Amino acid sequence: MGLVFSRLASSFGKAPVLLLIVMLAGCSTVDTLTLPPPTDFAASKYAAVVIDANTGKMLYGVNSNSPRYPASLTKMMTLYLLFEAMDQGRVTRATLIPVSAHAASMPPTKLHFGPGETIDVDSASRAMVTKSANDVAVAVGEYLGGTEGGFANLMNAKARQMGMLGTMFQNASGLPDSGQHTTAYDMARLGLALRQRFPQYYYYFSIESFAFRGKLIKGHNKVLDTVPGADGIKTGYIRASGFNIATSVSRNGRRLIVVVMGGNTAKDRNQRVAQLVERYMPEAKAM
């Protein structure tokens with residue numbers, strides 16, 4: 001654990017790492033405020049966690065460290081590494097990212113690029129958040145990692161550095177891969193790290209639509225419209241995972257990170273998020 005903490009400190013600085021250490025400690029505590037698991041989720045897919053983002057305390061957890069397929073929650077890490085590249089000056093919002101034949105061949109959802117076309121970093125960030133564009137995610141991965149496999153290595157190195165010990169990435173998009181897995185707790189940790197490390201870029205996660213090539217690209221995250229105070233961050237779905245979401249909700253100085261995985265429908269998943277927010281927001285510490 002000491003090695004994990006030292007790496008976290010070097011990446012985030014003292015204040016954020018202390019919060020993440022509290023989160024790690026909270027992972028082993030017994031939840032005494034449990035809202036029963038929902039009956040309309042498959043037991044083999046359901047996992048959820050609620051974190052008080054101001055203190056790092058886990059307020060709720062069911063199957064929070066059980067392996068689950070991340071689906072497009074994977075793009076949270078793709079975006080983390082892209083934001084890191086921007087923060088370090090290796091790319092700018094205007095940098096053009098080429099789309100390879102491999103990236104263009106990805107199945108939907110996508111923006112339907114042809115091989116050899118390009119997309120700027122700003123549009124790529126918006127496309128991954130709203131459309132969850134697989135072709136764009138792979139193009140970003142190839143640009144930063146040389147190959148998608150090389151980028152997966154970078155993703156896993158960053159995950160280890162952040163203490164996401166239950167996560168293994170195989171691709172940049174979250175498309176089905178039996179070797180790609182995570183936990184609800186790891187995704188909550190990643191969501192919190194994105195906000196702490198990159199507050200200047202976090203607004204991307206609240207974008208619900210954007211204009212690209214004369215078309216309005218609309219997003220999938222209806223929680224932004226239905227849960228007061230929700231300000232991001234990412235949805236995901238593949239058949240093996242069910243409907244997943246990681247979200248952040250702020251009200252009157254209180255803030256939660258909520259992850260729900262394994263919904264039978266997006267509506268079921270979103271309703272579960274709303275239930276968890278209403279139940280546990282009063283337990284969060286106001287700052």
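Annotations
- The range 154-177, residues that are assigned to a loop (DSSP other than H, G, I, E, B) and open to solvent by 10 Å² or more (accessible area, probe 1.4 Å): 165, 166, 170, 171, 175, 176, 177
- Residue in the range 78-95 that is touching a strand residue (DSSP E or B) at 6+ places or on another chain (Cβ under 6 Å), open to solvent by less than 30 Å² (accessible area, probe 1.4 Å) and modelled with pLDDT of 95 or more present: no
- Matching residues, the range 269-287, being within 17 Å of residue 36 (Cα to Cα) and either open to solvent by less than 30 Å² (accessible area, probe 1.4 Å) or of a type in the set (Phe, Trp, Tyr) (or both): 269, 270, 272, 273, 276, 277, 280, 281
One line per residue, one yes/no per condition, for (1) crowded, with 22+ Cβ neighbours inside 10 Å; (2) of a type in the set (D, E, K, R); (3) in contact with a Cys (Cβ under 7 Å, 6 or more places away or on another chain):
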| site | (1), (2), (3) |
| --- | --- |
| 134 | yes, no, no |
| 146 | no, no, no |
| 152 | yes, no, no |
| 200 | no, no, no |
| 206 | no, no, no |
| 221 | yes, no, no |
| 225 | no, yes, no |
| 234 | yes, yes, no |
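- Index of the failed condition, residue 193 passing every other in (1) in contact with a strand residue (DSSP E or B) (Cβ under 8 Å, 6 or more places away or on another chain); (2) within 21 Å of residue 285 (Cβ to Cβ); (3) crowded, with 23+ Cβ neighbours inside 10 Å: (1)
- Every listed requirement among (1) open to solvent by 20 Å² or more (accessible area, probe 1.4 Å); (2) touching a His at 6+ places or on another chain (Cβ under 9 Å); (3) closer than 11 Å to residue 173 by Cβ is met by residue 110 save one, (2).
- All positions within the range 90-111 that are under 23 Å from the mean Cα position of the chain (by Cα), farther than 20 Å from residue 147 by Cβ and not basic (Lys, Arg): 92, 108, 109, 111
The values are calculated or read from the model by the stated rules, or taken from the named source; none is laboratory data. Since the structure is predicted, the reported quantities are computational estimates derived from the model, not experimental observations. Cβ: placed from backbone, ideal geometry, glycine included. Neighbour counts: every protein chain shown. Ligands, DNA and RNA are stripped out before the accessible areas are found, and what is left, the full protein with its side chains, is counted by its heavy atoms. Shrake-Rupley method; radii C 1.70, N 1.55, O 1.52, S 1.80 Å.
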